[in-house]
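J.: So that we are looking at the same thing, I have put the structure below in structure tokens.
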Amino acid sequence: MQSNQLTAQGQLRHFLTIEGLKKPMLTEIMDRAEQFSGITQRQVKKVPLLRGKTIVNLFFENSTRTRSTFELAAKRLSADVMNFNISTSATSKGESLLDTLHNLEAMHTDMFVVRHDQSGAAEFIAQHVAPHVSVINAGDGCHAHPTQAMLDMFTIRRHKTEFHNLRVAIVGDILHSRVARSQIQALSILGVSEIRVIGPQTLLPRDCQTLGVHVYHDMDQGLKDVDVVIMLRLQLERMKGALIPSAREYYRCYGLSPEKLSLAKDDAIVMHPGPINRGVEIASAVADGPQSVILEQVTHGIAVRMAVMSMALGAQQQETDA
Amino acid sequence: MTIPSTHAEIDALLDQMADSIRSQLAGRQPLLIGIHTGGVWVAKALAQRLGDYFFEGPMGTLNIAYYRDDFTRIGMHPQVTPSDLPFSVDDRHLLLVDDVFYSGRTTRAALNEIFAYGRPASVTLAVLVERNGRQLPIRPDIAGASIELPEKQQIKLHNSGGLHLKLKSTEAENAE
């Protein structure tokens with residue numbers, strides 16, 4: 001799939017996937033996020049940067065955290081935000097995706113933030129929007145969730161400063177996880193020393209090795225000496241497919257208990273994109289423990305999304321003028 | 001037109017400014033804020049002259065990039081050092097410092113940003129150089145020098161081996 005997310009000048013016009021981006025771009029996103037994160041400490045938690053812009057949250061799939069942090073990010077930049085939740089009942093009225101889009105464009109929208117359960121949906125929308133509109137991918141099927149990956153990178157950088165000497169383990173359902181896919185891409189671009197994926201055979205993609213990661217089926221071995229542990233949500237709906245025997249069995253093998261965490265480095269941080277299933281993939285003692293940065297991730301999500309939104313609309317502006 | 005450009009000339013301007021600031025703000029426990037990048041240099045030079053006890057607390061720095069009025073024309077600025085106001089501005093007298101006062105748009109943006117932090121008692125604007133070309137009903141309270149320049153000329157403060165001013169033709173820049 002050819003993604004056309006950069007302008008001719010190499011700036012971010014859409015943000016659809018981490019794939020194909022270069023290290024300076026990821027660093028710029030994190031640097032900008034760092035600048036924006038200070039705004040939260042002001043009395044007026046807002047800058048007038050995107051005043052007069054209209055941003056539409058186009059969510060074809062449920063989300064709490066992602067949608068609300070995108071909404072807050074847009075509001076902190078002084079943009080106007082509209083939330084559009086498209087349930088299956090609405091699509092059953094017969095309007096096609098493109099017709100919906102063109103209607104929203106007709107309302108002079110400047111940006112779509114798109115979440116969809118089909119891989120490639122954001123890309124598809126980006127190919128069909130008017131030239132003055134930017135598209136941000138807020139998660140498409142099993143494909144990508146680039147802003148989540150960037151807020152994770154931002155959180156790691158806050159705690160570890162450098163990437164090149166880090167050993168990062170991603171644990172759980174890698175196969176169905178758009179978060180994991182984007183994280184692995186971002187971590188490799190940023191040049192971490194080792195990426196490990198840990199999980200049962202049935203939840204790891206078959207071509208795992210080609211992603212440049214080390215595969216572990218034994219969690220004790222996989223966690224040894226890692227600096228960062230990223231837990232993924234066990235998508236309980238997958239259990240119907242008999243990919244794992246039971247939630248309890250899963251916790252025994254791949255749940256992050258305090259004992260398992262003690263195998264990682266003493267200063268290892270624990271991350272999770274949420275929502276967490278306590279007692280399924282992570283113990284409460286770990287999720288609420290001193291090494292957990294799970295809630296920080298949520299906070300950082302706002303600054304990272306502010307960064308991406310302002311970069312895309314800024315690039316858009318320059319392109320229109322050129 | 002001769003402009004003050006050497007270190008010695010700039011030093012004289014700064015001495016003069018420090019005197020005006022002392023007479024206008026003495027006894028009000030002002031807080032010092034410099035606007036990135038040149039304003040921060042000037043603010044530091046003024047703080048040195050006014051001594052440790054004139055200003056309360058550390059110097060604040062403002063980066064007005066997110067408050068500019070030209071985002072819709074030129075997009076994001078390449079690199080932005082975040083603003084840092086390590087104090088509460090509420091009910092305080094502020095001395096806002098910039099290097100060159102030209103259109104007044106930077107000051108407008110800086111005032112907006114300051115008000116995002118709180119409600120100061122007063123804001124006094126001090127600049128090293130005031131030039132012609134004002135576009136807003138805003139002007140400095142204290143200026144080291146006032147100069148007339150042709151529209152096509154820019155004046156810029158540099159900080160290599162001490163502060164000095166340089167004239168630059170904007171046409172020449174485009175030709176480069």
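Computed from the coordinates by the stated procedures, all read-outs in this text should not be read as laboratory data. Keep in mind that what you see is a predicted model, and the values were worked out from it rather than measured. Backbone-built Cβ (ideal geometry, glycine too); neighbour counts: all protein chains shown.
J.: Which is the longest stretch in chain A that no exposed loop site breaks, taking sites as trypsin sites (Lys or Arg not before Pro) with a DSSP loop state and at most 11 other Cβ atoms within 10 Å? Let's see the in-between values first.
T.: On the way: sites that count: A:LYS22, A:LYS93, A:ARG206.
Free of exposed loop sites, the longest segment is A:207-322.
J.: Provide, in order from the shortest bin, the percent of all Cα-Cα pairs of segment A:146-293 in each 10 Å bin, continuing until the bin that contains the maximum pair distance.
T.: For segment A:146-293, the binned pair fractions read 12, 47, 36, 5, 0 percent.
J.: Be a star and scan segment B:56-71 for residues whose amide nitrogen sits under 18 Å from the point 7 Å along the Cα-to-Cβ vector of B:ASP91.
T.: B:56-57
J.: Could you work out Rg/(2.2 N^0.38 Å) for segment A:8-67, with Rg from alpha carbons only?
T.: Values: Rg = 14.7 Å, N = 60, 2.2 N^0.38 = 10.4 Å.
My calculation over the Cα atoms of segment A:8-67 gives 1.41.
J.: Under 5 Å between amide H atoms, partner at least 5 residues away or on a different chain: which partners does A:SER292 have, H built in plane at 1.01 Å?
T.: Amide H neighbours of A:SER292, under 5 Å, 5+ apart: A:VAL270.
J.: Can you list the HN-Hα couplings for segment B:50-62, worked out from phi with the Karplus curve (6.51, -1.76, 1.60; θ = phi - 60°), rounded to whole Hz and with x for Gly and Pro?
T.: Residue by residue, segment B:50-62 yields 8, x, 5, 9, 5, 9, 8, x, x, 6, x, 10, 10 Hz.
J.: Related question: Suppose every K and R has +1 on its Cβ and every D and E has -1 on its Cβ; what is the size of the dipole of the protein assembly as shown about the Cα centre, in Debye to the nearest 20?
T.: Numbers: 50 positive and 54 negative charges, 132 e Å.
That gives the protein assembly as shown a dipole magnitude of about 640 debye.
J.: Given a Förster radius of 22 Å and the C-beta distance between B:GLN135 and B:ILE74 as r, what FRET efficiency does 1/(1 + (r/R0)^6) yield to the nearest 0.05? Provide the component values of the computation, followed by the final result.
T.: Numbers: r = 17 Å, r/R0 = 0.77.
Efficiency, rounded to the nearest 0.05: 0.85.
J.: In what order do A:PHE36, B:PHE54 fall by count of nearby beta-carbon atoms within 10 Å, going from fewest to most? Please report the intermediate quantities before stating the final value.
T.: Values: A:PHE36 25, B:PHE54 18.
Least to most surrounded, the residues fall as B:PHE54, A:PHE36.
J.: What share of all Cα pairs of chain B, in percent, falls into each consecutive 5 Å distance bin?
T.: In order of increasing distance, the bins hold 1, 8, 17, 21, 21, 16, 9, 4, 1, 0, 0 percent.
J.: Please list, in chain and number order, the residues 5+ apart from B:THR124 or on another chain whose amide H is under 5 Å from its amide H, with Hs placed from the backbone.
T.: For B:THR124, whose amide H was placed from the backbone, the distant partners under 5 Å are B:LEU94, B:LEU95, B:LEU96.
J.: Continuing with this model, one more query. Quick check: Cα centre of segment B:60-111 to Cα centre of segment A:1-63, how many Å?
T.: Taking the Cα centre of segment A:1-63 as reference, the centre of segment B:60-111 is 22 Å away.
J.: Right, here's the next one. Over the C-alpha atoms of segment A:243-309, what are the Rg and the largest Cα-to-Cα span, Dmax, in Å?
T.: Spelled out, the Cα radius of gyration and Dmax of segment A:243-309 are 14.0, 42 Å.
J.: May I ask you to list the GluC sites (Glu not before Pro) in segment A:117-211 that are in a DSSP loop and have at most 16 other Cβ atoms within 10 Å of their Cβ?
T.: A:GLU162
J.: A further question follows. Kindly state, to the nearest 0.05, the FRET efficiency for A:GLU296 paired with B:THR2, given R0 = 41 Å and r defined as their beta-carbon distance. Write out the running numbers ahead of the final one.
T.: Values: r = 56 Å, r/R0 = 1.37.
Calculated value: 0.15.
J.: For A:THR66, B:THR6, what's the fewest-to-most ordering of other Cβ within 10 Å of each Cβ? Before the final figure, lay out each step's value.
T.: Values: A:THR66 25, B:THR6 12.
Fewest-to-most Cβ neighbours within 10 Å comes out as B:THR6, A:THR66.
J.: If you plug each phi of segment A:40-45 into the Karplus form 6.51 cos²θ - 1.76 cosθ + 1.60 with θ = phi - 60°, what whole-Hz ³J(HN,Hα) values come out, in order, with x for Gly and Pro?
T.: Once θ is set to phi - 60°, the couplings for segment A:40-45 become 4, 7, 7, 5, 9, 8 Hz.
J.: Also: For A:LEU256, which sequence-distant residues (separation of 5 or more, or a different chain) have an amide H within less than 5 Å of its own amide H, given hydrogens modelled in the peptide plane?
T.: Those qualifying (amide H under 5 Å, at least 5 residues apart or on another chain) are A:ILE282, A:ALA283.
J.: Within segment A:146-293, how many Lys pairs that are eight or more residues apart, or on different chains, come under 23 Å at the alpha-carbon?
T.: Details: A:LYS160/A:LYS224; A:LYS160/A:LYS260; A:LYS160/A:LYS265; A:LYS224/A:LYS260; A:LYS224/A:LYS265.
Summing the qualifying lysine pairs gives 5.
J.: A further question on this structure: Any idea what diffusion coefficient the protein assembly as shown gets from Stokes-Einstein, in µm²/s, Kirkwood Rh on alpha carbon pairs, 20 °C, 1.002 mPa s? Provide the component values of the computation, followed by the final result.
T.: Values: Rh = 25.3 Å.
After rounding, the answer is 85 µm²/s.
J.: Rounded to whole Hz and in sequence order, give me ³J(HN,Hα) for segment A:119-133 from the Karplus expression 6.51 cos²θ - 1.76 cosθ + 1.60, θ = phi - 60°, writing x for Gly and Pro.
T.: 4, x, 5, 5, 4, 4, 5, 4, 6, 10, 6, 4, x, 8, 10
J.: Grab the Cα-Cα distance for A:ASP266 and A:ARG252, subtract it from 0.36 nm times how many residues apart they are, and report the gain in nm with one decimal. Let's see the in-between values first.
T.: On the way: separation 14, 0.36 × 14 = 5.04 nm, distance 2.20 nm.
Separation in residues times 0.36 nm, less the Cα-Cα distance, equals 2.8 nm.
J.: Which of the lysines could a cross-linker span from B:LYS168 if the Cα-Cα distance has to be under 24 Å and same-chain partners fewer than 8 positions apart are dropped?
T.: B:LYS152, B:LYS156
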